Amino acid sequence: MTQVMISQKYKKTCDGCGLVKEYEMVEPSEAQIVEMTEWFTVIREFFDGQHFIKAIVQACNLQCVPAAAVTLATPVAPEPIDNIDLASLQQTKPSDVN
């Protein structure tokens, strides 16, 4: 049995300038490989009071690194795990009337 991969797309977005690039990873050209290796990844780890969080941004070139890194300057509040309204789930006890 012969197996051939016919499509594997890879999409990157620059957090500095907003550039969106798509790469086809089945037999990529030499130019695509060079272009993909020119991207920068900036990582910031911070503690939100309960957990360590790793925030990552991508920059398509060295000039975009500062703009992308600025988005990591102020840590954003972590997204809620779910949208459950805990107050609506609380039960009220009937008060004892004597």
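The values are calculated or read from the model by the stated rules, or taken from the named source; none is laboratory data. Nothing here was measured: the structure is a model prediction, and the numbers come from that model. Cβ sites come from the backbone with ideal geometry, for glycine too, and all protein chains shown count toward neighbours.
Checked against the criterion of being of a type in the set (A, V, I, L, M, F, W, C), under 20 Å from Val70 (Cβ atoms) and either modelled with pLDDT under 90 or within 21 Å of the chain's Cα centre (by Cα) (or both), the stretch 22-35 has no qualifying residue. Restricting Cys60, Cys64 to residues that are surrounded by 10 or more Cβ atoms within 10 Å (Cβ to Cβ), under 30 Å from Ile6 (Cα atoms) and at pLDDT 90 or above narrows the list to Cys60. A single member of Ala55, Ala31, Ala68, Ala59 is of a type in the set (Gly, Ala, Ser) and free of Cβ contacts under 8 Å to residues at least 12 places away in the same chain, and it is Ala31. Out of all the residues in the stretch 18-26, is one or more under 19 Å from Ala73 (Cβ atoms), without any contact (Cβ under 8 Å) to a residue 60 or more places away in the chain, in contact with a Pro (Cβ under 9 Å, 6 or more places away or on another chain) and assigned to a loop (DSSP other than H, G, I, E, B)? Scanning the stretch 18-26 turns up no residue that is under 19 Å from Ala73 (Cβ atoms), without any contact (Cβ under 8 Å) to a residue 60 or more places away in the chain, in contact with a Pro (Cβ under 9 Å, 6 or more places away or on another chain) and assigned to a loop (DSSP other than H, G, I, E, B). Inspection of the stretch 38-51 identifies no residue that is in contact with a strand residue (DSSP E or B) (Cβ under 7 Å, 6 or more places away or on another chain), aromatic (Phe, Trp, Tyr) and without any contact (Cβ under 8 Å) to a residue 24 or more places away in the chain.
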